[in-house]
Each structure stands twice: as structure tokens, then as C-alpha cells.
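Notes follow once the structure below has been shown.
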Amino acid sequence: MIDKLLPPPVVTAEAFQDAPVSQMFPEEWALVAEAVPKRQKEFGTVRGCARSALAELGIAPAPLLPGPRREPQWPAGIVGAMTHCNGYRAAAVARSAEVRTIGLDAEPHLPVDDPGVVDLVTLPAERPQLARLAAAQPEVCWDRLIFSAKESVYKAWYPLTRRWLDFQEAHLTFDPTNATFTARLLVPGPVIDGRELTEFSGRWLIGAGLVVTAIVMTV
């Protein structure tokens with residue numbers, strides 16, 4: 001499904017069922033050995049997806065361990081992202097010579113239960129647009145979509161900066177016709193090729209009971 005969002009040079013892999021935890025490397029298992037089975041399965045399966053995608057780039061299987069902010073630590077010369085939610089795991093990778101960063105997030109396509117979460121995730125300036133979109137296309141869970149999009153923004157941002165980005169430090173606008181979004185950064189971005197990064201552009205799709213968002217910044 002996500003290959004529709006992330007065309008070459010990005011390579012993707014996804015799973016709708018969990019793999020046996022025995023497929024994890026010992027170093028990975030050590031990190032979740034005392035976790036609940038659900039966490040063990042999602043942790044292992046999403047890394048299996050990542051290894052499948054990496055194999056298409058000629059990268060040999062190896063442990064994929066989290067960094068200090070739980071971000072995946074990729075092999076040298078690789079960028080990527082992972083995501084998992086109930087019933088779904090996915091990974092996307094590319095060579096850093098072709099892609100600077102990837103953001104990827106999947107969520108159940110259901111309304112956000114807690115209004116407090118929506119207030120936490122969204123800016124006051126974003127809420128009128130969400131209300132208009134919800135009135136025009138009520139079949140889309142726009143509150144869940146903006147949550148997912150901001151998760152993708154953070155996942156694309158962090159490898160470039162090694163800094164936290166709060167939900168309210170990016171202003172999102174959606175183009176429902178083209179299923180795209182733009183995230184305008186409200187804090188100073190990294191300088192890339194002599195220019196400050198001020199925004200990310202992304203895409204989204206809905207299918208199989210999921211909403212999936214993705215960002216790819218090419219070199």
C-alpha cells in the first residue's frame with residue numbers, strides 16, 4: 001500500500017500480520033524481552049519489514065537498534081523510517097545519496113477519542129481548516145490525519161536536526177484534491193545547501209482501515 005506514497009528511489013515493505021519474535025536478532029530481543037507480547041511483536045515485525053526493504057538495496061541483515069529518542073539507527077549511507085499501529089507495520093528506506101530524509105506514519109482511520117489530544121496536536125490556526133474539511137469530506141478522519149502528518153513531520157525533521165519538534169511547532173495545511181499536505185516550520189530549521197529549511201511537503205492515503213502519511217526529501 002505505501003509504495004503508492006513512496007515511489008523509487010524509496011524502497012518499502014509492509015506487513016499486516018506479525019512475524020515470529022524468534023526472527024529478531026538477539027540484540028533486538030534484549031530490548032523487548034520483558035515487554036508485553038504486543039510490543040515484542042510490533043518491534044520485531046517492523047524491523048523485519050525494514051530488513052526486507054534494505055535487502056532490495058543490497059544491505060545484509062543486521063540488528064536495527066533504536067537511538068536515544070527511539071529513532072531507528074540505519075546502516076551507513078541509508079535513511080529511512082518505520083511505523084506501526086494495530087494490525088499494520090511498515091518501513092521505508094533509501095540511499096542517503098538520493099534522499100535526505102523520510103517521514104512515515106500509519107494510524108487507524110478512526111476519530112481521535114480524546115478532544116484534549118486534538119487540542120494538544122493542533123494549533124488554533126489549524127482548527128478552522130480542519131472544521132471546513134470535516135464538513136466537506138466527513139468520511140475522512142481529519143483529526144487523525146493531522147496527528148499522523150505531524151508524526152511524519154517529526155520523523156523527517158529529527159534526522160536532519162537531532163532536535164525535538166513539538167506538535168505545535170509546525171503549521172499544517174491540506175490539499176484534499178491531491179491528497180497532499182504542507183508543514184510550515186515555526187522554529188528555525190536546518191540549513192541545507194546554504195538555505196534554511198522552512199517547510200516539508202507530504203502525501204497521504206486512506207485504505208485498509210488506515211490513514212498513512214509520508215514525507216520524502218530528495219537530494
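Laid out as a table, the results:
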| item | result |
| --- | --- |
| Rounded if a/c under 1.5, otherwise prolate or oblate - the stretch 105-218, Cα gyration tensor axes | prolate |
| Prolate/oblate/rounded label for the stretch 12-57 (Cα gyration tensor, a/c 1.5) | oblate |
| Label point 7 Å beyond Cα of A60 along Cβ direction - residues of the stretch 8-26 with amide nitrogen under 20 Å | 23-26 |
| Debye, to nearest 20: dipole size of the chain, +1 on Lys, Arg Cβ, -1 on Asp, Glu Cβ | 300 |
| Peptide ranges 102-108, 114-120 listed from the most packed, as the mean C-beta count within 10 angstrom indicates | 102-108, 114-120 |
| For the stretch 2-97, convex hull volume per residue from C-alpha positions, Å³ | 102 |
| With Cα atoms, 0 to 90° folded angle of helix 37-56 axis to the chain main axis | 80 |
| Förster radius 41 Å - calculated FRET efficiency between A135 and W164 (Cβ-Cβ, nearest 0.05) | 0.75 |
| Degrees separating the helix 142-161 axis from the principal Cα axis of the chain, which is the longest one | 60 |
| Placed amide H near F181: partners under 5 Å, 5+ positions off or other chain | D175, G202, R203 |
| Crossing angle, helix 127-136 versus the chain [Cα axis fit, 0-90 degrees, rounded to tens] | 90 |
| Chain lengthening between T173 and R95 when straightened (0.36 nm per residue, less Cα-Cα) | 25.2 nm |
| Orientation-averaged projected area, Cα convex hull of the chain (nm²) | 12.2 |
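Computed from the coordinates by the stated procedures, all read-outs in this text should not be read as laboratory data. As the structure is a computational prediction, the values presented were derived from the model and not from experiment. With ideal geometry, Cβ positions are generated from the backbone for all residues, glycine too; neighbour counts draw on all protein chains shown.
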